[in-house]
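Everything below concerns the one structure shown next.
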Amino acid sequence: MPKVGLVGCGRIMPAHLHGYKALIENNVDVRIKALCARKLRDAKRFRSPSDGVPPRKPVGPPGDPLAKPHLYVSDFQSDTDVEVYDDYREMLKKADIDAVEVYTSVFSHHEITLACLEAGKHVLVEKPLALTVKAARRMVEAADEQGKVLGVAENTRYFPNTRMTKWVIDQGYIGKVQAVFGGAIGGYWSPDRIVAETAWRHKKLFAGGGATIDMGVHLFHTLRYLCGEVEEVRSMVKILEKNRFTRDEAGRVIEKTESEVDDTFLALMKFRTNAVGQWFFSWGGHGEPLSVPRTIYGTKGCIKAGLVVLDDGAKFKVEELFEEKAPRRVKERFFPYGIRDAMALETLEFLRAIREGREMETSGREGLRDLAASYALIESSLADAAVKVDDVESGRISSYEEEINKHYGI
């Protein structure tokens, strides 16, 4: 039975615990053995109500993983004692664990992951994989040297719509992919809210970039999965709102931060298949939000959000087409045990990769590429030129990262 330690008991923890709950309820052979946070109180917050630490209020809009309701490990796992630690190094020395999931702030990902790999543990890391591309490369290299599984917790890969859309494209319903378009400005954190109520997300040395990194890795992972490898990007990256705030229910400002990183990007992409793409995203935007659903155009039709539209006028819902036409083996591969919870599916893939001695679908190498494509947005904007993702991944282009790498000695 794989035994896992969870490091970083913050706002994303409930979403992951709901995933573990789904796995254990489906008799998946795994147990959480340790919880670790910088403050012991935060680790106890998720162990059991008997620890006496009250839940933290969720943040974010409905459907956001950060908005998942609180959950205790004891709510779904009563047959295993769970230890708590305030130092991951102590956990690695003392806890009886085979693997670690890292949910801490991104600026600590590389340090914790490298220590876990050196201790002989398999590691699954929340996205973005690392603070910089150079740090991510070191993590991937260390996993190779240790012969351990390194994965990125890129939940968008496991969303039902993403999986089903991939199947529809692979079956040739819309022909060869030619172009993809989409984007959004405005929304829950607009025009000037501190994103996820964590001010470090707006500081270069703690977040790397802003929307380009936090949302960019999601975007590029999904587009690479559906449309093929991204070869080159050309972008404009901006800060629309220099000051960001958290306000109470009465509208009074309770926190203010000055943003050092972007909140907006506009990107053009070229894929290795010669397909092209255009995307925009912003945490800014006053007044009314704008959203353009992801639309993938092929030589026979398109997929607009969840709808397939063919040249002859035929229309099908992606989900209905998948449920009706996809073979059982495909459904079982995409959704083992009938699970549709993305957090549960990414952890299950992690456990299966460990057992089978292989890389995850969302491997460390995938997370590295997603991060390189995201940083290519910033490098392109700074250079006012197209940037090849290979050049960022290899470190040939890294001017924006240099300050961060120097600060952390990466």
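The values are calculated or read from the model by the stated rules, or taken from the named source; none is laboratory data. These numbers were taken from a predicted model, which means no experiment stands behind them. Backbone-built Cβ (ideal geometry, glycine too); neighbour counts: all protein chains shown.
Listing for the model above:
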| quantity | calculated |
| --- | --- |
| A184 being out of contact with any helix residue (DSSP H, G or I) (no Cβ under 6 Å at 6 or more places or on another chain), surrounded by 17 or more Cβ atoms within 10 Å (Cβ to Cβ) and of a type outside the set (K, R) | yes |
| Subset tally (residues that are in a loop (DSSP other than H, G, I, E, B) and either charged (D, E, K, R) or surrounded by fewer than 16 Cβ atoms within 10 Å (Cβ to Cβ) (or both)) for the stretch 229-273 | 13 |
| Hey, G175 assigned to a loop (DSSP other than H, G, I, E, B), in contact (Cβ under 8 Å) with a residue 40 or more places away in the chain, over 25 Å from H109 (Cα atoms) and touching a Ser or Thr at 6+ places or on another chain (Cβ under 8 Å) or not | yes |
| Matching residues in the stretch 333-362 - criterion: being under 21 Å from L66 (Cα atoms), in contact with a Leu (Cβ under 8 Å, 6 or more places away or on another chain) and not in a helix (DSSP H, G or I) | I339 |
| Matching entry among F322, F316, F350 (being buried (at least 16 other Cβ atoms within 10 Å of the Cβ) and assigned by TED's automatic domain parsing to the domain that holds R137) | F350 |
| Selection from the stretch 274-302 of residues that are exposed (fewer than 15 other Cβ atoms within 10 Å of the Cβ) and either without any contact (Cβ under 8 Å) to a residue 60 or more places away in the chain or touching a Pro at 6+ places or on another chain (Cβ under 9 Å) (or both) | N274, H286, G287 |
